Structures are given as structure tokens and as C-alpha cells.
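The values are calculated or read from the model by the stated rules, or taken from the named source; none is laboratory data. Bear in mind that the values here come from a model prediction, so they are computed numbers and not experimental data. Note that each Cβ is placed from the backbone with ideal geometry, even for glycine, and that neighbours are counted across all protein chains shown.
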Amino acid sequence: MEKVKITLVPNGPAKIEGEIQLQTLAGDVLETKTLTYLCRCGKSNKKPYCDGTHKTCEPFE
Ligand code: FES
């Protein structure tokens, strides 16, 4: 199994490098690529993905 690397970007998303399976609470499997950015600020309009909105937020880390 190939390792997945997760990097927490300061005041930004979780950068995930590698293949992952992303599943919602309802059980739906979302499309992912080998490079995925997940929102950590809670303000993205494309949750769970980061859409850059964190740049307008107060620092959260
Ligand atoms: S971390 Fe980028 S929009 Fe939330």
C-alpha cells in the first residue's frame, strides 16, 4: 500500500498527496485525485474541498 502524505497548510487546507477514498456521512464516495485539498476553515463553498475562501478568513492556526 502506498503511503499518503497529509500536510496542514497554515491558515489553509489539508493537502493530501496520494490516492484516498473520501466518503460522506451518507455513504457517498466523492471524486478525488492524487492531490486533494480539504477545507479546514469551514467557509468553503465546495466542501469538503478547499476553494480558496480561507484567504478571506481570520487566521485559524
Ligand atoms: S481551507 Fe480553504 S476554503 Fe477552507
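Going by what's in this entry, would I20 be described as in contact with a strand residue (DSSP E or B) (Cβ under 8 Å, 6 or more places away or on another chain), assigned to a strand (DSSP E or B) and of a type in the set (A, V, I, L, M, F, W, C)? No; evaluated as a whole, the condition is false for this residue. Within the set E2, E31, E61, the sole residue that is within 13 Å of the chain's Cα centre (by Cα) and among the acidic types (D, E) turns out to be E31. The set of residues from the stretch 16-46 being within 10 Å of the ligand (Cβ to nearest atom) and either among the β-branched types (V, I, T) or surrounded by 12 or more Cβ atoms within 10 Å (Cβ to Cβ) (or both) comprises Y37, L38, C39, R40, C41, K43, S44.
Of the residues making up the stretch 36-61, those that are more than 21 Å from Q23 (Cβ to Cβ), at pLDDT 95 or above and among the charged types (D, E, K, R) are K43, K55.
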